[in-house]
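This report refers to the structure that appears directly beneath it.
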Amino acid sequence: MNLTVIGTGYVGLVTGTCFAEMGHHVTCVDVDQRKIDNLNKGILPIYEPGLDAMVEHNARDGRLAFTSSLPEAMRSSDVYFIAVGTPPGEDGSADLQYVLAVAREIGAHLDRYALVVDKSTVPVGTAEQVRAAIDSELEHRNVRVDFDVVSNPEFLKEGAAINDFMKPDRIVVGAESERAIDLMRALYADFTRSHDRLLVMGVRDAEMTKYVANAMLATKISFMNEVANLCDRMGVDVENVRTGIGSDSRIGYSFIYPGCGYGGSCFPKDVKALIRMAGNHDFVPAVLEAVEARNEQQKGYLFEKIRAHYGPDLSGRRFALWGLAFKPGTDDMREAASKVLLRQLIDAGASVRAYDPIAMDVARDELPAEWFGDGRLTLVDNQYDALRDADALALVTEWKPFRHPDFDAMRRLMRPDPAIFDGRNQYQPENMQSDGFVYYGVGR
Ligand code: NAD
């Protein structure tokens, strides 16, 4: 089939590339001309393991093309995936301006049957708005063309996106027409060969499913962070509690790791948007509000421990910060806990040397220029360089190279009485003590 994917971010680029890998002809469209020019030169706008090689060979073999012109892509396409951003608006609701702009542009050029697929995470009722936006353009042009709008939310994880797309746990399709359902089945047949993982449901049900999946995962994390904070006060090691409860098959081990809060482009914004949707229906989502509030507090938890250790004035103190991305495996720093800690440290007068295996370029672009200008923040090229002359290390992202560092070398690089503030419980408290560090984890 000839497919168009609109938006070349984490979701759009992975979706387009994986469909091309399965032999479809895919055109990826983005309004950002620089991204398109770079993609045409083989330079990717995002880091995602394995994606560059896949883009390269599919583009070379003529199955994957990039353009900033949607009308050009539409000349040869039957299916349109909308994969543009849906960032939080000021009131927390998902901002649909990009999705609806795409819908209007599709309506302005549609001349034969098309399947329009909402892949972006969008509030319940958006498919109806997309349909209305296309209809109104068609009406304006005085053209009658049949089309379907389906909801097909994406569940990939950054850092494992290709595997998640190629071998999904499930594919959720919200559709009303048989024609649309048949097309979606045909499109995804290659991804569900071993057993049928395609779940067909109502459009609104599919839209809701995406939010509830993310809200459930965020709830598990916030619940466990709350437990960890309690353990901190009660002389209990939350890591023992974690394995103690995870071994119960009804609970399981995933998403019960305590830490310094969840970030990323999805959990924070999707929990907020679901709260907003509830508000629109005069419903108070008490659990979700608590999930969000706990996470906001949790992002400040390491700093609370730092302040308790050193006092409120950190002038003259130097910190090493390991991990800037919101999680390992990605360069994405949207809503990252690292940003909150950096601001708190710098506001309290400290200076920071920070390192991340992948997110350094993104950090240079995203962090306030004045932090670099006055030397409060320095980005360094390796994890040990960050430790030079530091009072303490704050570990914020659990990248694998931080797992087993050379603690002797670390102690030699750092100032006397070094401390480690471990925001992801990567180290054993007893070992840290015997290695000569004052150690703070989360909930232990
Ligand atoms: P992103 O910000 O990385 O990419 C969005 C892209 O859309 C940008 O390149 C932007 O230039 C482009 N764009 C905006 N308006 C456009 C237009 N009118 N025409 C063409 N291109 C346009 O976003 P993302 O992280 O890929 O997320 C996209 C959607 O998928 C969001 O709704 C998000 O919630 C959802 N989602 C994201 C993930 C994830 O892990 N990132 C996972 C599942 C679902």
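The values are calculated or read from the model by the stated rules, or taken from the named source; none is laboratory data. Quick caveat: nothing in here was measured; it's all calculated off a predicted structure. Neighbour counts are summed over all protein chains in view; Cβ atoms, including those assigned to glycine, are modelled from backbone coordinates with ideal geometry. Side chains included, ligands, DNA and RNA excluded: accessible areas come from the protein's heavy atoms. Shrake-Rupley method; radii C 1.70, N 1.55, O 1.52, S 1.80 Å.
Structure notes:
- Search result, residues across region 368-378 that are surrounded by fewer than 20 Cβ atoms within 10 Å (Cβ to Cβ), on the phi < 0 side of the Ramachandran plot and touching a residue at least 24 places away in the same chain (Cβ under 8 Å): Trp371, Arg376, Thr378
- Some residue of region 10-31 being within 14 Å of the ligand (Cβ to nearest atom), open to solvent by less than 10 Å² (accessible area, probe 1.4 Å) and of a type in the set (S, T, N, Q): yes
- Pairs are defined by a Cβ separation below 6 Å, a sequence spacing of at least 6 or placement on different chains, a first member in region 187-214 that is farther than 18 Å from Asp148 by Cβ, and a second member that is part of a helix (DSSP H, G or I); the pairs so defined are Tyr211/Asp270; Tyr211/Leu274; Asn214/Phe267; Asn214/Asp270.
- Test for Gly202: is it surrounded by 17 or more Cβ atoms within 10 Å (Cβ to Cβ), at pLDDT 95 or above and over 21 Å from Asp111 (Cα atoms): no
- Applying the criterion of being of a type in the set (A, V, I, L, M) and under 19 Å from the mean Cα position of the chain (by Cα) to the residues of region 146-170, the residue that is farthest from the ligand (Cβ to nearest atom) is Met166.
- Pairs are defined by a Cβ separation below 6 Å, a sequence spacing of at least 6 or placement on different chains, a first member in region 67-92 that is assigned to a loop (DSSP other than H, G, I, E, B), and a second member that is within 13 Å of the ligand (Cβ to nearest atom) and among the aromatic types (Phe, Trp, Tyr); the pairs so defined are Val84/Tyr98; Gly85/Tyr98.
- Evaluation of Val116 against (1) in a strand (DSSP E or B); (2) closer than 15 Å to Thr17 by Cβ; (3) out of contact with any Leu (no Cβ under 8 Å at 6 or more places or on another chain) (one fails), failing number: (2)
- Checking Ile181, Ile221, Ile245, Ile171 one by one, the residue that is touching a residue at least 12 places away in the same chain (Cβ under 8 Å), of a type in the set (Val, Ile, Thr) and outside the structural domain of Thr126 (by TED's automatic domain parsing) is Ile221 and no other.
- When residues of region 291-330 are limited to those that are farther than 16 Å from Ala392 by Cα and among the aliphatic types (A, V, I, L, M), the one most open to solvent (accessible area, probe 1.4 Å): Ala293
- Residue match in region 39-55 (condition: among the polar types (S, T, N, Q), touching a Ser or Thr at 6+ places or on another chain (Cβ under 8 Å) and not assigned by TED's automatic domain parsing to the domain that holds Phe326): no
- Qualifying residue in region 114-121 (condition: over 26 Å from the mean Cα position of the chain (by Cα), away from the ligand (no atom under 14 Å from the Cβ) and assigned by TED's automatic domain parsing to the domain that holds Val31): yes
- Listed by first and then second residue, the pairs with beta-carbon distance under 9 Å, at least 6 apart or on different chains, first residue in region 277-289 and on the phi < 0 side of the Ramachandran plot and touching a residue at least 12 places away in the same chain (Cβ under 8 Å), second among the aromatic types (Phe, Trp, Tyr) and open to solvent by 40 Å² or more (accessible area, probe 1.4 Å), are Met277/Phe283.
- Any hit, region 23-45, residues being assigned to a helix (DSSP H, G or I) and touching a residue at least 40 places away in the same chain (Cβ under 8 Å): no
- Total residues in region 380-401, condition of a type outside the set (D, E, K, R), open to solvent by 10 Å² or more (accessible area, probe 1.4 Å) and out of contact with any Phe, Trp or Tyr (no Cβ under 7 Å at 6 or more places or on another chain): 3
- Just one of (1) of a type in the set (D, E, K, R); (2) at pLDDT below 95; (3) surrounded by 14 or more Cβ atoms within 10 Å (Cβ to Cβ) fails for Asp91. It is (3).
- The criterion of being among the charged types (D, E, K, R) and farther than 28 Å from Gln97 by Cα holds for Glu56.
- Residue, farthest from the ligand (Cβ to nearest atom), within region 243-272, restricted to residues that are β-branched (Val, Ile, Thr) and open to solvent by less than 40 Å² (accessible area, probe 1.4 Å): Ile256
- Ala175 being of a type outside the set (S, T, N, Q) and touching an Asp or Glu at 6+ places or on another chain (Cβ under 6 Å): no
- Of the set (1) assigned by TED's automatic domain parsing to the domain that holds Phe19; (2) in contact with a helix residue (DSSP H, G or I) (Cβ under 9 Å, 6 or more places away or on another chain), all apply to His195 but (2).
- Answer residue from region 61-103, given it is among the polar types (S, T, N, Q) and within 27 Å of Ala20 (Cβ to Cβ) and is farthest from the ligand (Cβ to nearest atom) among those: Ser76
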